[in-house]
Amino acid sequence: MAAPKALNRYTMPKFAPIMLLLVSAATSAEPTLELSDCRIGAGPGSVSIAARCGTLIRPLDPSRADSESIELSVAVVPALTLEPPTDAFVPIAGGPGMSSIHFYAGWASAFERVRQHRDILLIDQRGTGESAPMTCDVDDEIVEGAYSEEDTLHFFFHGLGSLASHFFQPPAACLVPVGTGGF
């Protein structure tokens, strides 16, 4: 396997627009993103695609110097031309929670005309794919229907409050009931 290549001052301009979105002005060190050969796929049993993958480490809250870090998964599917333009095509998966890397791998044929002339830069947003994934415990009794609709809603909104606080959003308790039927 070839040694990972780093994005440097010669290759960075190709990815500069998206990197500007990912790198805050508060960061004083020059960001680097090492890419290595990989294969991406839409899931088990799917056809995989050759790409170059890496992990971008970013602060969870860029406004705080003491913020914990998260890892964002990045993949670059190279253009089929030998001299692509410096601006890559950047598809973002719809959501919620969908990995852009898995999305692209499942729909790669739809992007072949774009890939003829442009690199395709894939970034899994926070909480999707392998980018700071969130795992939630699942109570098998809820899945099996052992709880009433009211209990299920209670557990759902309790979990939503936990997720919201993880992403610095207002807790679910701030949600307002709609009509008399609940949330």
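Would you mind calculating the gained length between Q116 and L82 on full extension (0.36 nm times residue separation, minus the Cα-Cα distance), in nm to one decimal?
On the way: separation 34, 0.36 × 34 = 12.24 nm, distance 0.98 nm.
Separation in residues times 0.36 nm, less the Cα-Cα distance, equals 11.3 nm.
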Quiz item: Residue-wise, which Karplus ³J(HN,Hα) couplings in Hz belong to segment 39-45, taking 6.51 cos²θ - 1.76 cosθ + 1.60, θ = phi - 60°, and x for glycine or proline?
Solution: 10, 10, x, 7, x, x, x
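Could you calculate the FRET efficiency of R39 with T135 from 1/(1 + (r/R0)^6), where r is the beta carbon distance between them and R0 is 25 Å, rounded to 0.05? Walk me through the intermediate numbers first.
Working: r = 24 Å, r/R0 = 0.96.
Efficiency, from the Cβ-Cβ distance: 0.55.
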Exercise. For segment 125-138, just list the computed ³J(HN,Hα) in residue order, Karplus coefficients 6.51, -1.76 and 1.60, θ = phi - 60°, integers in Hz, with x standing in for Gly and Pro.
Key: 5, 3, x, 10, x, 9, 8, 6, x, 9, 10, 10, 5, 10
Quiz prompt | Computed label-point distance, nm, for sites L60 and H154 using a 7 Å Cα→Cβ extension | solution = 2.8
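We did not get these values from a lab; they are worked out from the coordinates using the rules stated. Just so it is clear, the model here is predicted, and its values are computed rather than measured. Cβ: placed from backbone, ideal geometry, glycine included. Neighbour counts: every protein chain shown.
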